[in-house]
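Nothing in this text is a laboratory measurement; each read-out follows from the coordinates by a stated rule. All values derive from a computational prediction rather than experimental measurement. FYI the Cβ positions are ideal-geometry reconstructions off the backbone, even for glycines, and counts take in every protein chain you see.
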Amino acid sequence: MNKDKNAVVIVAAGSGSRARIKQSDLPKQYCKVGGRSVLQHTLDRFIDCADIHHISVVISSEAKGHYYGATEKHPKLLDPVIGGENRQESCLNGLQALSDLSPEKVLIHDAARPYVSNGIIYSVLNHIKPNIAALPASALSDTVKLAKKHNDELTVEKTIPRENLYTAQTPQGFIFKDILEAHMKAQSDGNINFTDDAAVAEWAGMSVNLIPNDERNDKITNATDLKNARERLTVNKNSIPDVRNGTGYDVHRLVDGDGLVLCGIPIDFDRKLDGHSDADVAMHALTDALLGTIVDGDIGSHFPPSDPKWKDAVSDKFLEYACKLIQKANGVITHMDVTIICEAPKIGPHRDKMRKSLSKITKVDVERISVKATTHEEIGTIGRGEGIAAMASATVVIQHGS
Ligand code: MG
């Protein structure tokens with residue numbers, strides 16, 4: 001036994017079929033949250049814990065490619081272990097892979113519980129004794145019913161007193177050689193239907209001590225959990241409001257003709273902007289700024305100029321569409337600022353009409369919309385009047401949770 005050396009087995013072999021996440025079709029542990037996989041978030045908790053020295057991850061044989069794409073190398077992290085026919089066999093494989101290192105204590109943890117805290121890890125480690133396992137558990141708070149099925153209808157058979165009922169979570173902790181022995185015995189005896197490792201320990205005659213679970217130590221089991229994880233594991237981790245700032249830039253060439261439109265306002269001028277759509281350069285820059293706040297490509301990716309559908313399109317459509325995407329992402333536009341860069345025409349006289357026009361399209365209060373203008377000091381292409389450029393920025397607050 002390697003005293004003072006502890007290990008953790010992370011069980012990631014499940015296919016997650018109960019909670020197949022539609023967006024990627026990946027088992028949930030390989031789905032990305034804030035640029036990192038759920039599995040990597042879970043690994044980080046143990047990598048950061050000074051009293052965990054080795055980490056063994058059990059994966060399914062088909063998931064090798066996913067695993068290497070979803071994890072970062074770390075000295076604590078051993079080569080992945082291929083799981084077995086069921087969870088119990090997978091755990092045994094993970095434990096056996098640690099045999100040469102013979103740690104004193106081992107924790108066994110679900111890959112889909114990325115919120116596990118240092119507090120829980122230490123609480124479990126400190127409660128492990130020879131022949132005594134440590135199990136984080138939560139008392140049931142709902143009334144529990146025993147149901148029976150009759151003619152396709154579920155009815156209550158009886159109400160079960162809940163005083164002594166608890167649900168089991170992970171990490172579950174054991175003396176390494178105790179749990180390895182128990183698992184090997186269960187396997188050789190053909191007892192292969194235990195649903196957690198504490199049950200294997202109970203069967204082998206160990207005491208299992210319950211310790212209070214941290215209520216934040218949830219498991220990610222469905223698509224909603226995964227959506228919430230984005231808030232819990234990334235921005236909201238530090239209670240920072242999710243404020244986004246996007247920027248946009250566009251330029252269009254001036255050509256002969258009339259029909260100049262800026263921010264949706266027709267302007268009397270002897271030239272017009274050239275482009276596939278109505279070439280409203282200011283609205284295009286603003287649309288890009290809005291798309292930037294939700295990291296959703298740019299105006300060209302949503303409305304390709306190669307698509308004849310957008311020929312002579314009114315740019316209101318682009319801006320309205322970006323606003324809808326922001327709404328879908330639970331975003332609220334709090335501010336927009338557009339700068340038009342040209343030698344002529346003069347923008348000042350049209351400024352307030354432009355602000356009102358943008359307000360009407362975006363449904364954002366006109367007091368939160370700024371339109372500015374500057375010349376290019378007669379320098380360069382814009383300075384020579386060959387075109388008009390526009391810059392924009394947009395601020396969006398994404399609202400998470402309920
Ligand atoms: Mg454009």
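Taking the chain as a Gaussian network, where each spring joins two C-alpha atoms under 10 Å apart, which residue of N213, N131, N164 fluctuates the most? Its mean-square fluctuation being the largest, the pick is N164.
If I take every Cα pair under 8 Å that is 6 or more residues apart in the stretch 94-164, average their sequence separation and divide by the length, what percent do I get for the relative contact order?
On the way: 44 pairs, mean separation 13.5, N = 71.
Dividing the mean separation by the residue count of the stretch 94-164 yields 19 percent.
Among D298, D256, D365, the largest mean-square fluctuation in a Gaussian network model of the chain (Cα springs under 10 Å) belongs to D256. The GluC sites (Glu not before Pro) of the stretch 177-238 that meet both conditions, a loop assignment by DSSP and at most 16 other Cβ atoms within 10 Å of the site Cβ, are E215.
Structural descriptor for the chain: relative contact order 14 percent, calculated from alpha carbon pairs under 8 angstrom and at least 6 residues apart. Counting only DSSP H runs of at least 4 residues, each contributing -39500 (n - 2.57), and dividing by the residue count of the chain, the helix-based mean residue ellipticity at 222 nm comes to -8000 deg cm²/dmol.
Given the stretch 9-138, what percent of its DSSP beta bridges are antiparallel, to the nearest 5?
Values: 3 of 13 bridges.
That works out to approximately 25 percent antiparallel.
A simple spin-label model places the labels of N191 and V397 5.6 nm from each other, with each point 7 Å out along Cα-to-Cβ.
The modelled label-to-label distance for the pair T221/E153, using points 7 Å beyond Cα in the direction of Cβ, is 2.7 nm.
Considering only S357, S102, S141, the Gaussian network model of the chain with Cα springs below 10 Å gives its largest mean-square fluctuation to S141.
Across the stretch 67-78, rounded Karplus estimates of 3J(HN,Hα) from the backbone phi angles (6.51 cos²θ - 1.76 cosθ + 1.60, θ = phi - 60°) give 4, 5, x, 10, 10, 10, 5, 7, x, 6, 8, 7 Hz, Gly and Pro being marked x. What angle do you read, to the nearest 10 degrees and between 0 and 90, between the alpha-carbon axis of helix 281-293 and the longest principal axis of the chain? Taking Cα atoms only, the helix is inclined about 10 degrees. For the chain, what is the percent of antiparallel DSSP beta bridges, rounded to the nearest 5? Bridges in the chain that DSSP calls antiparallel: roughly 60 percent.
3J(HN,Hα) along the stretch 40-52, derived from phi through the Karplus expression 6.51 cos²θ - 1.76 cosθ + 1.60 where θ = phi - 60°, amounts to 5, 4, 5, 4, 4, 4, 7, 4, 6, 8, 5, 9, 10 Hz, with x in place of Gly and Pro.
Compute the acute angle (0 to 90°) between the alpha-carbon long axis of helix 316-328 and the principal axis of greatest extent of the alpha-carbon atoms of the chain; round to the nearest 10°. Approximately 20 degrees, to the nearest ten.
Normalised Debye scattering of the chain at q = 0.10, 0.14 Å⁻¹ gives log10 I(q)/I(0) of -0.77, -1.11, counting only Cα atoms as equal scatterers and leaving out solvent. Exposure proxy ranking for H150, H400, based on other Cβ atoms within 10 angstrom of each Cβ and starting from the fewest, stands as H150, H400. Note on K32: lysines with a C-alpha under 27 Å away, same-chain residues under 8 apart excluded, are K22, K64, K73, K76, K219, K227, K237, K324, K328.
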